[in-house]
1. Any idea which of 245, 270 is crowded, with 17+ Cβ neighbours inside 10 Å, over 23 Å from the mean Cα position of the chain (by Cα) and under 18 Å from residue 114 (Cβ atoms)?
2. So is residue 490 in contact with a strand residue (DSSP E or B) (Cβ under 6 Å, 6 or more places away or on another chain) and either farther than 30 Å from residue 338 by Cβ or at pLDDT below 95 (or both) or not?
3. For region 355-392, which residues satisfy the criterion of being touching a helix residue (DSSP H, G or I) at 6+ places or on another chain (Cβ under 6 Å), buried (at least 24 other Cβ atoms within 10 Å of the Cβ) and not in a loop (DSSP other than H, G, I, E, B)?
4. Please enumerate the residues belonging to region 19-64 that are modelled with pLDDT of 95 or more and on the phi > 0 side of the Ramachandran plot.
5. Please state which of the following conditions residue 146 fails to meet, knowing it meets all the rest: (1) farther than 26 Å from residue 547 by Cβ; (2) at pLDDT 95 or above.
6. Determine the pairs where a residue that is under 17 Å from residue 551 (Cβ atoms), located within region 12-26, has a partner that is at pLDDT 95 or above and assigned to a loop (DSSP other than H, G, I, E, B) with Cβ atoms under 6 Å apart, the partner being 6 or more residues away or on another chain.
7. Could you list, in sequence order, all residues of region 296-348 that are under 30 Å from residue 415 (Cβ atoms), out of contact with any helix residue (DSSP H, G or I) (no Cβ under 8 Å at 6 or more places or on another chain) and either at pLDDT below 95 or part of a loop (DSSP other than H, G, I, E, B) (or both)?
8. Filtering region 68-88 down to residues that are without any contact (Cβ under 8 Å) to a residue 12 or more places away in the chain and assigned to a helix (DSSP H, G or I), which residue is surrounded by the fewest Cβ atoms within 10 Å (Cβ to Cβ)?
């Protein structure tokens, strides 16, 4: 068993871990990053140049399909049958009586899930940060938008965000570093459809370069961000935060380092991290402070697996809130066939977005907002195989002719909405299944309440209205969260707050009890927001936490 000692250990290298590492290293601290997955080489590992590009999706080096388990999900109700997912050729995707787990979409690798994210870079709507005070749901954020704004600015500058500067809700102290991307032709059609309904479709803010920036090329509009960017124009953590510090002498990066538990001592401090490499060799690494950034599913799992006789059912679980308040991706989309060529297989994923219903009180009789955006790439409708399997009916010569006539004529409008915490949605440990390192797996418990179903119904009806108003001849497929758990954005299981009785960490992501233990991922979110992608907020929070840690270490408080 080897021993090392650092000023800080960061566990996880996604948005929170990578941004925290970057800031701590630049403060001059000696930092060790532990990442469970391998490194990716953007110039070699992504396979968009190969004939089989469409069948491979993101080339995961480690399969995450069975990394977590699922508790039995809720029964489907006849009153919500219109929310069922379907395709015009195959009918219902879920023919059972219960909601089914499809996937918790995440990547094990240096850069985390940003390796396959679509590049959306959103600030939180300040109105979504006081849900408890305003609507008696979720919890209020103990940090204000005003406090986060300079950290948003740092994150946007580092990754190279392209966007418009006219958002009066999410005010800015400085312009975006890059101009917004132009709409592709498909989004121009969606914009016309939205305008006919009195809705505003605007350019999305994206961590995708609209022109060369910081030594990286501008985007070539291949529309394949979710399969991994082979050019580095997408601002994933590996080519931004990590690239800027990995060669520094005070930065140590260990990949394929599977952390099994954290050691706590008798003085309300954590002292060491235990991890195993891919061969099963065990290591113990010590640090003055430990930062966890494994995401809202794996972070509570690690803490629950790190319990000892002096803890309350898990490390940092003094409030009993560890793993509770789980919020997931609430989504819905509608895909339609158009009569004219749109070239919809190319462009940029989610280049356009409608924020009109993003405020938490924007939908009548519903608490919590949502957003709408172009989602052709996210639904995988950018290659001929997807068209052959899901869009074009028939067989043989007739099918080939229809393929030639139909390809590039599909548009999808997608919606993502607020997810409110409830007592039936949480993360715990599976008593029966363990990973290859002998640790209990995380078990996902998910339940959609009445408010979520009403919001989904609004999202469905609005998606249909937009796609029809944009000129679709027919809707051929719809998919959503009602009958499937399919989440990339997950939140809330280590909620931050001022009161130690109902939160896991304080306003800096610091454990209320274990003073040198911090969390910098979306598990600290008190609310999910009305459809905002979380990576930019995670990065802003992580940079802020790193500044705080550096200050505490300088003053020898931790």
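1. Within the list 245, 270, the selection yields 245.
2. no
3. Correct list: 370, 374.
4. 28
5. Residue 146 satisfies all of (1) farther than 26 Å from residue 547 by Cβ; (2) at pLDDT 95 or above except (1).
6. Sorted first by the residue in region 12-26, then by its partner, the pairs are 20/520; 25/248; 25/250.
7. Within region 296-348, 321, 324, 325, 328, 329, 339, 340, 341, 345, 346 qualify.
8. Among residues in region 68-88 that are without any contact (Cβ under 8 Å) to a residue 12 or more places away in the chain and assigned to a helix (DSSP H, G or I), the one surrounded by the fewest Cβ atoms within 10 Å (Cβ to Cβ) is 78.
The values are calculated or read from the model by the stated rules, or taken from the named source; none is laboratory data. Please read all numbers here as calculations on a predicted model, not as lab measurements. When we count neighbours, we look across all protein chains shown, and the Cβ atoms used for this are built from the backbone with ideal geometry, even at glycine.
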